Amino acid sequence: MAVNPWLACPTYSVNLDDSMERRFAGMPPDLLAKVRSLLRELTAWIPHETRYLADAVRVLTEHRFHHEVVTLADILGVDWRDLMLANLAYDLRASRYGCSTIALATGDGPVLARNMDWMPPDLLARASC
């Protein structure tokens, strides 16, 4: 019997026209728990003394993502810097991983995909939508 090399993921729709608070207000509790678990694992790998990098990203991106990160961090009950660095963990370790993003033009519009084959695979798979 063939085994699929991927996991089916639930979908979660976000209305990008909503305020940041409303975007995340309806997140299922089980998804939040999975995200918290993944975040604990990722932040354990990130040296505490590198938290200043989150401030640097905020400045370099001209605060573009700051409100979103702070809002989600408040919902998760974590420091926004930890959430920002966990979100950037792959990018900060890019030299260790290969290219993992593809863009494909289709008749129905572009399809974007990211190969989520980096660590920790089990927690990442469970927290993915």
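The values are calculated or read from the model by the stated rules, or taken from the named source; none is laboratory data. None of the values given here were measured: they were computed from a predicted structure. Neighbour counts run over all protein chains shown; Cβ positions are idealised from the backbone, glycine included. Protein only, heavy atoms only, side chains kept; ligands, DNA and RNA dropped before computing areas. Shrake-Rupley method; radii C 1.70, N 1.55, O 1.52, S 1.80 Å.
Within the range 39-50, does at least one residue satisfy the condition of being outside any helix (DSSP H, G or I), under 23 Å from residue 123 (Cβ atoms) and not aromatic (Phe, Trp, Tyr)? Give the derivation first.
Initially, the range 39-50 is screened for residues outside any helix (DSSP H, G or I), giving 46-47.
Subsequent filtering for residues that are under 23 Å from residue 123 (Cβ atoms) retains 46-47.
With the extra rule that they be not aromatic (Phe, Trp, Tyr), the set shrinks to 46-47.
There is at least one residue in the range 39-50 that is outside any helix (DSSP H, G or I), under 23 Å from residue 123 (Cβ atoms) and not aromatic (Phe, Trp, Tyr).
Report yes if some residue within the range 72-93 is assigned to a loop (DSSP other than H, G, I, E, B), modelled with pLDDT of 85 or more, of a type in the set (Phe, Trp, Tyr) and surrounded by 12 or more Cβ atoms within 10 Å (Cβ to Cβ); otherwise report no.
No: the range 72-93 contains no residue that is assigned to a loop (DSSP other than H, G, I, E, B), modelled with pLDDT of 85 or more, of a type in the set (Phe, Trp, Tyr) and surrounded by 12 or more Cβ atoms within 10 Å (Cβ to Cβ).
Step by step: first the residues of the range 2-21, then only those that are more than 19 Å from residue 72 (Cα to Cα) and among the small types (Gly, Ala, Ser), then the one that is modelled with the lowest pLDDT. Which residue is that?
Among residues in the range 2-21 that are more than 19 Å from residue 72 (Cα to Cα) and among the small types (Gly, Ala, Ser), the one modelled with the lowest pLDDT is 2.
Which condition number does residue 126 fail, the rest of (1) closer than 22 Å to residue 29 by Cα; (2) of a type outside the set (Ser, Thr, Tyr); (3) modelled with pLDDT of 80 or more being met?
(3)
Can you tell me which of (1) in a helix (DSSP H, G or I); (2) free of Cβ contacts under 8 Å to residues at least 40 places away in the same chain is the one residue 18 doesn't meet?
Going through (1) in a helix (DSSP H, G or I); (2) free of Cβ contacts under 8 Å to residues at least 40 places away in the same chain one by one, residue 18 breaks only (1).
Can you tell which of 24, 65 is at pLDDT 85 or above, closer than 23 Å to residue 123 by Cβ and of a type in the set (Phe, Trp, Tyr)? Lay out the reasoning, then the answer.
On the way: 24 fails: at pLDDT 85 or above.
Exactly one residue qualifies, and that residue is 65.
State the number of residues belonging to the range 94-123 that are open to solvent by less than 40 Å² (accessible area, probe 1.4 Å), of a type in the set (Gly, Ala, Ser) and modelled with pLDDT under 80.
Taking the range 94-123 as the starting set, the residues that turn out to be open to solvent by less than 40 Å² (accessible area, probe 1.4 Å) are 100, 109, 118, 120, 123.
Okay, now just the ones that are also of a type in the set (Gly, Ala, Ser), so 100, 109.
Next, from what is left, pick out any that are modelled with pLDDT under 80: 100.
The qualifying residues number 1.
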